[in-house]
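What follows is a set of notes on a single structure, which appears directly below.
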Amino acid sequence: LPGVAIGLGLVTIVSQCVGAGNYDDARLYTKKLIFLVIISHLFVNGLLVLALPLIITIYHLSTETAVLTRQVIIFHSIFAATIWPLAFTLPNTLRAANDVRFAMGVSVFSMWVFRIGLGIYLAKYTALGMISIWIAMIADWIVRSIFFILRFHGKRWEKHRPQPPILS
């Protein structure tokens, strides 16, 4: 939740910077807010990992289910704090700069190839069990992050500045 909320705020801030033609500030605020997302996710996911014994006790999980729950929550928590902000907060900067097609194209491509395609492959052809789906999801996040970082560090997203509406 903190990442989604901060991401929505990022759209507004970056849109103002882009509208003013100030891409240096857009980059600066993007970096600051992504750092804030990382810190907030470290905090929230740290609390979640610390609460694991309580969570497992409350739900009266079997030993096997408790082991899987612990693995999934720790696995997800690590990547939610480190990769998720780059995969889901960073593209808000691109969207705010009207580079929507790139952000959408990367997201759809990555989801179909990695989250779905790799997920099916790992589930069918490896003995990883449930964790194979989580691996595919994290692979999707990593691929998105790479594309969005490369785009953000380039200048192409700066060329998609929105045009003001024509008033009749």
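Values in this text are rule-based calculations from the coordinates and carry no lab data. As the structure is a prediction and not an experimental result, all values here were calculated from the model. Neighbour counts run over all protein chains shown; Cβ positions are idealised from the backbone, glycine included.
At a glance:
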item: On Cα atoms only, tilt of 2-19 relative to the major axis of the chain in degrees; result: 10
item: Hydrodynamic radius by Kirkwood, which averages 1/r over all alpha carbon pairs of the stretch 1-51, in angstrom; result: 11.7
item: Cross-link partners of K31 among lysines (Cα-Cα below 24 Å; sequence separation of 8 or more within a chain); result: K155, K159
item: Bins of 5 Å from zero: percent of alpha-carbon pairs in the stretch 96-149; result: 5, 22, 26, 18, 12, 9, 4, 2, 1
item: Correct option for semi-axes √(5λ) of the Cα gyration tensor in Å [calculated from the coordinates] among [x] 31, 23, 19; [y] 36, 20, 11; [z] 87, 25, 12; result: [y]
item: Length-normalised contact order of the chain in % [C-alpha pairs under 8 Å, at least 6 apart]; result: 27
item: Principal-axis tilt of helix 100-110 within the chain, Cα atoms, nearest 10 degrees; result: 20
item: Positive-end extreme of charge dipole, the chain - chosen from A51, L33, Q71 (charges on Cβ); result: L33
item: Descending principal axes extents, the stretch 18-80, alpha-carbon based, whole Å; result: 57, 15, 15
item: In degrees, nearest ten, helix 63-82 long axis to first principal axis of the chain (Cα); result: 20
